[in-house]
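Novice: Dumping the structure here so I can ask a few things about it.
The values are calculated or read from the model by the stated rules, or taken from the named source; none is laboratory data. Keep in mind it's a predicted model, so treat the numbers as computed, not measured. Reconstructed Cβ throughout: ideal geometry from the backbone, glycine too, with neighbour counts over all protein chains shown. Remember, those area values only see protein heavy atoms, side chains included, never the ligands or the DNA or RNA. Shrake-Rupley method; radii C 1.70, N 1.55, O 1.52, S 1.80 Å.
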Amino acid sequence: MKRVIALLSTLALCLVVVPHAEAAATAKCTLTISPKDTEHDTVITVQCTPRAEGDRIDYVTIKGADWPDGDDTQKVCQAHSNLWTRVIDSQLLNEDLAGDEIYVEARMRTPDYKLYYVKTNEVSGRWGVNVYIGEPDCGHLP
């Protein structure tokens, strides 16, 4: 009986110490926003560490965090790697009159075309002069 209890205790310890490989895999994306050489241009960068090798950013959705009325989608842009950086018109980040809180939702794609989403950190600031009206483009490379 003591042998069975010792064996069960060892097995339980192994289950606690050795987590499942998939559960340990977590993706992370970081957003940075920095001014460019003029007040009209801003550099926006999303750097992702995927769940697994071979996963990559498929699209980025630039969002304005608004409470209590729900978040605004500012722009959806195609991406092709785990580093997406563009020079954009600062007005695109001006999502409300009081102050701007921007984050990005990165749509990640696995090599077998499965999708998952990763939300970046939120960056606060005041960008642009007016709330953007019209259809902005996704900017250009720095």
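Novice: Looking only at region 21-55, filter to residues that are under 13 Å from residue 116 (Cα atoms) and at pLDDT below 95; which one of those is surrounded by the most Cβ atoms within 10 Å (Cβ to Cβ)?
Specialist: Only one residue fits best here, namely 25.
Novice: What are the pairs, 6+ residues apart or on separate chains, where a residue within region 61-83 that is in contact (Cβ under 8 Å) with a residue 40 or more places away in the chain and within 17 Å of residue 118 (Cβ to Cβ) has its Cβ under 9 Å from a residue that is part of a strand (DSSP E or B) and of a type in the set (S, T, N, Q)?
Specialist: 61/73; 61/74; 62/73; 62/74; 63/73; 63/74; 65/124; 77/61
Novice: A follow-up question, please. Go through region 59-106 residue by residue and tally those that are at pLDDT 95 or above and acidic (Asp, Glu).
Specialist: 1
Novice: Scan region 101-117 and give yes if some residue there is touching a strand residue (DSSP E or B) at 6+ places or on another chain (Cβ under 7 Å), open to solvent by 10 Å² or more (accessible area, probe 1.4 Å) and in a loop (DSSP other than H, G, I, E, B), otherwise no. Don't jump to the end; show me each part of the working.
Specialist: Here is the first cut: in region 101-117, the residues touching a strand residue (DSSP E or B) at 6+ places or on another chain (Cβ under 7 Å) are 101-109, 115-117.
Retained after the next criterion (residues that are open to solvent by 10 Å² or more (accessible area, probe 1.4 Å)): 101, 103, 105, 107, 109, 115-117.
So of that shortlist, the ones also in a loop (DSSP other than H, G, I, E, B) come out as none.
Checking region 101-117: not a single residue is touching a strand residue (DSSP E or B) at 6+ places or on another chain (Cβ under 7 Å), open to solvent by 10 Å² or more (accessible area, probe 1.4 Å) and in a loop (DSSP other than H, G, I, E, B).
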